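Everything below concerns the one structure shown next.
What follows draws every value from the coordinates through simple rules; no lab data is involved. Note that the coordinates shown come from a computational prediction; the quantities given were computed from them, not determined experimentally. Reconstructed Cβ throughout: ideal geometry from the backbone, glycine too, with neighbour counts over all protein chains shown.
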Amino acid sequence: MPRAVRRLGALANYLAQPFILSYAQFLDADGASLRVRFADDWPAHNRVQRFWLADDGLLVRHDYVAEIVGRWAQGAHFVDDYVEVAGVWIPRRRRVRVRVGRQALPIPVLHAQFGAVEAGVALSDQ
């Protein structure tokens, strides 16, 4: 799969989490997190990833290896500041930190804060 497609696919995965978990194979859970495997043709940073969900079912953390950078590029992707839009909870803040094992270090890789989030319906004559 071309790198550009893989990068866009990874971004689409972030925005669709945790809904994409239904497309992954469940591997195991340890009470605090669950580990899944994505198919080889699924556009993701790597095949095996770990997700943490809060008691209310909202995603709070997502661990992966950005293989496109290197096997050493382990990230802990935190999401919060959820808002409800058309019945769907969407996180407005995303922070990625360097990770060693399961330990997220205070070294930022990415910080994104979204402002207003709204839903709309596009109508077409076609």
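Remarks
- Of the peptides 41-50, 111-120, the order by per-residue mean of other Cβ atoms within 10 Å, starting with the highest, comes out as 41-50, 111-120.
- Against the main long axis of the alpha-carbon atoms of the chain, helix 3-16 sits at an angle near 70°.
- Most fluctuating residue given options V96, V60, V69, as computed from a GNM of the chain linking Cα atoms under 10 Å: V69
- Semi-axis lengths (Å, descending) of the ellipsoid that matches the C-alpha gyration tensor of the stretch 1-119: 21, 17, 17
- A simple charge model with +1 on the Cβ of Lys and Arg, -1 on the Cβ of Asp and Glu and nothing else charged puts the dipole of the chain at about 700 debye relative to its Cα centre.
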